[in-house]
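Structure, as structure tokens:
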Amino acid sequence: MYQAPRGTSDILPPEQKYWSYIRHTASSICQLYGYQRIDTPTFEDARLFVRSIGESTDIVEKEMYSFEDKGGDPITLRPEGTAPVCRAYVEHGMHNLPQPVRLYYMASIFRYERPQAGRYREHHQFGVEALGAADPALDAEVIDMAWQLYVNLGLKGIALSLNSIGCSNCRPRYLEVLKSYYTQHKESLCPDCKRRLGKNTLRLLDCKTPSCFALNEQAPRSMDYLCQECADHFNQLRNYLNLLNLPFSLSHRLVRGLDYYTRTVFEIAPEGETGAQVAIGGGGRYDDLIEQLGGKPTPAVGFATGIERLVLNLKKQDVVVPALFPLTVFIAHLGQEARDEAMKLTSHLRKSGISTIASLSDKSLKAQLKQANVSGARYSIIIGEDEVKSRTVTLRNMAKGEQQTVPIDKLAEALR
Ligand code: HAM
């Protein structure tokens with residue numbers, strides 16, 4: 001028996017209402033905030049991700065689905081959505097458009113991770129990127145969008161964590177202080193952190209191993225080492241978040257798993273939950289990335305949210321989501337003539353915008369009505385020999401169990 005590959009899932013029909021609800025809510029928010037959709041390819045030149053995400057990140061070191069294609073080109077299945085959007089921004093000369101350019105995407109993302117609840121090898125993200133402005137009001141806009149998405153979905157008890165990790169001016173000094181702190185405590189570090197020390201010192205702050213966690217609490221804070229411009233940016237952002245009534249807490253250990261961030265970083269997670277896969281969304285500013293990818297210096301900010309994790313949280317919180325396309329009519333028929341009539345009627349009702357399926361079996365009426373029940377249709381229609389002769393059908397309201405006789409040519413109208 002074949003099975004879906006480890007860490008991937010089939011999204012079966014009963015699940016689809018959650019996905020549709022999330023996609024619909026997300027795209028309505030994008031419309032309200034003036035963001036336009038972009039779709040980029042499922043795979044890109046592998047070097048795009050190595051360059052942007054950073055060589056010593058988990059994603060690049062261990063998690064990318066990379067291969068050479070038959071032409072010998074290095075290919076990677078998209079492990080995140082920001083770098084492809086920046087590549088498209090540069091490739092299509094979007095710096096010539098009025099700035100900032102506000103874009104959103106919904107895309108499948110591939111990371112070779114150890115699968116568990118909320119962590120998959122293929123997952124899906126809704127993300128937004130606002131490119132071409134350094135104003136902290138844009139950071140606030142993006143955070144506000146994320147927050148509104150969760151509120152509009154009906155999620156309760158979510159918490160926003162915020163940090164600033166500085167820029168290429170002030171971060172080197174902070175990294176020196178941080179490295180020296182961890183070097184003093186090297187013996188207490190977990191093997192992974194020992195290896196990362198010096199290579200990607202910032203990521204040590206994020207380690208969840210108990211011995212490292214205690215050290216991280218006491219570690220020097222990037223917020224205390226910001227240059228004047230970064231400190232002003234961070235202060236203004238916090239003022240804007242207060243103006244928008246968005247509650248947040250500062251978290252000096254929040255650094256994110258991708259290397260391209262500058263200044264603002266943030267994550268949103270269910271209150272009180274900790275662990276590697278609880279964040280429902282995260283993002284931040286990446287002012288140097290577009291230039292690194294060959295574009296003009298272009299400040300930018302964005303966020304992404306994992307759709308599977310949203311579905312998990314909607315279910316956990318028993319959020320009722322709208323049902324998808326309930327079927328209106330199921331047609332049962334008895335005899336060849338009735339079957340032909342059912343075929344015509346199905347086509348007629350569908351053309352009239354009424355969702356309809358007809359039984360494919362010649363089984364007993366009882367068996368066909370059982371099928372009608374299982375189909376979830378609101379009405380069943382019964383056509384037998386008598387009905388064919390009298391040009392009528394029996395229309396049955398499935399919930400109430402009431403029946404009436406309706407002329408065939410009045411049926412669409414009656415159903416409407
Ligand atoms: P990220 O934090 O790596 O950020 O991913 C965003 C969200 O995707 C996470 O908060 C989580 O909900 C979900 N997610 C990540 N990995 C998995 C997984 N293995 N299984 C299920 N869900 C997962 C980014 O990818 C950045 N590109 C976000 C961004 C946009 N920053 C600026 N603009």
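Every number here is computed from the coordinates shown, using simple stated rules; none is lab data. Just so we're clear, the structure is a prediction, and the values are computed from it rather than from any experiment. Reconstructed Cβ throughout: ideal geometry from the backbone, glycine too, with neighbour counts over all protein chains shown.
Pairs of Cα atoms nearer than 8 Å and 6+ residues apart set the relative contact order; for the chain it is 16 percent. A simple count of charges around residue 123, restricted to other residues whose Cβ falls under 10 Å of its Cβ and scoring Lys, Arg +1 and Asp, Glu -1, yields +1. Under 21 Å of direct C-alpha separation, and excluding same-chain neighbours fewer than eight residues apart, residue 351 reaches these lysines: 410.
The stretch between residue 55 and residue 186, if pulled fully straight at 0.36 nm per residue, gains 44.9 nm over its current Cα-Cα span.
Projection of the Cα convex hull of segment 317-372, averaged over all directions and equal to a quarter of that hull's surface, yields 4.9 nm².
Of 329, 60, 85, the residue with the greatest mean-square motion in the GNM of the chain, using alpha carbon springs below 10 Å, is 329.
Ordering 332, 403, 375 by Cα displacement along the dipole of segment 329-415 toward the positive end leaves 375 in first place; charges were set at the Cβ atoms of Lys, Arg (+1) and Asp, Glu (-1). Take the Cα of residue 214, step 7 Å along the line toward its Cβ, and report every residue of segment 169-194 whose backbone nitrogen sits under 15 Å from that point. Taking a point 7 Å out along Cα→Cβ of residue 214, the residues of segment 169-194 whose backbone N falls under 15 Å are 185-190. From largest to smallest, the equivalent ellipsoid semi-axes obtained for segment 329-415 from the alpha-carbon gyration tensor read 16, 15, 13 Å. Each Lys or Arg adds one and each Asp or Glu takes one away; over the other residues whose Cβ falls under 11 Å from the Cβ of residue 389, this sums to -4.
Using only alpha carbons, the chain has a radius of gyration to Kirkwood radius ratio (Rg to Rh) of 1.12. With a Förster radius of 22 Å applied to the C-beta separation of residue 91 and residue 292, the computed FRET efficiency comes to 0.90. A Förster radius of 45 Å, combined with the Cβ-Cβ distance separating residue 75 from residue 328, puts the computed FRET efficiency at roughly 0.50.
The distance separating the Cα centre of segment 62-124 from that of segment 10-43 comes to 16 Å.
Only Cα pairs under 8 Å and 6+ residues apart enter the sum, and on that basis the relative contact order of segment 329-415 stands at 31 percent. Loop-resident GluC sites (Glu not before Pro) (DSSP state other than H, G, I, E or B) in segment 244-288 with no more than 16 further Cβ atoms inside 10 Å of their Cβ: 271, 273.
Taking amide H as placed 1.01 Å from N in the peptide plane, residue 358 has its amide H under 5 Å from the amide H of 331, each at least 5 places away in sequence or on another chain.
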